[in-house]
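My questions will all concern the structure given below.
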Amino acid sequence: MTRRSPTQASGDAAEARALGFLVERGLRLVARNVASRLGEIDLVMRDGDTLVFVEVRSRARRDFGGAAASVGPDKQRRLRREAQRYLVASFGDRWPACRFDVCALEGTSIDWIRDAF
């Protein structure tokens, strides 16, 4: 097993919290940590017939705009590219309805932003 840095371990814990939060709200897990050279998607979930690509961001404090603000245009672009690669690999040219959500964790709270971008 690979040793995880404290930052990676914190990210893993945030991802697990977000996953539990979303499952409690009726979403179903499809995949975790979908990655290629194009980028990484933390969680791929199903919300009914919609495929949901979830970016999980965690911050201890709200400095610099907080966790949600850290998903800027460059990050969004990388997520879209990786989602397109995933969709082509998984569904060919017949993609399901999709959306991008953000789970922003700050302290003990989780802000679930549906259709974030």
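Sort out which residues of the stretch 70-85 are modelled with pLDDT under 90 and over 14 Å from the mean Cα position of the chain (by Cα), and write them in order of number.
Filtering the stretch 70-85 for residues modelled with pLDDT under 90 gives 70.
Across the stretch 70-85, there are no qualifying residues.
Go through the residues of the stretch 37-59 one by one and say whether even a single one is within 15 Å of residue 101 (Cα to Cα), assigned to a helix (DSSP H, G or I) and at pLDDT 95 or above.
Looking for residues that are within 15 Å of residue 101 (Cα to Cα), assigned to a helix (DSSP H, G or I) and at pLDDT 95 or above, one finds none in the stretch 37-59, hence no.
Report yes if residue 73 is loosely packed, with under 13 Cβ neighbours inside 10 Å and closer than 18 Å to residue 116 by Cα, otherwise no.
Working: loosely packed, with under 13 Cβ neighbours inside 10 Å: yes; closer than 18 Å to residue 116 by Cα: yes.
Considered against the rule, which asks whether it is loosely packed, with under 13 Cβ neighbours inside 10 Å and closer than 18 Å to residue 116 by Cα, residue 73 comes out as yes.
Exactly one condition in (1) surrounded by 13 or more Cβ atoms within 10 Å (Cβ to Cβ); (2) of a type in the set (A, V, I, L, M, F, W, C); (3) not in a strand (DSSP E or B) is false for residue 29; which is it?
So the condition that residue 29 fails would be (3).
The values are calculated or read from the model by the stated rules, or taken from the named source; none is laboratory data. Note that the structure is a prediction, hence the values are computed from the model and not measured. FYI the Cβ positions are ideal-geometry reconstructions off the backbone, even for glycines, and counts take in every protein chain you see.
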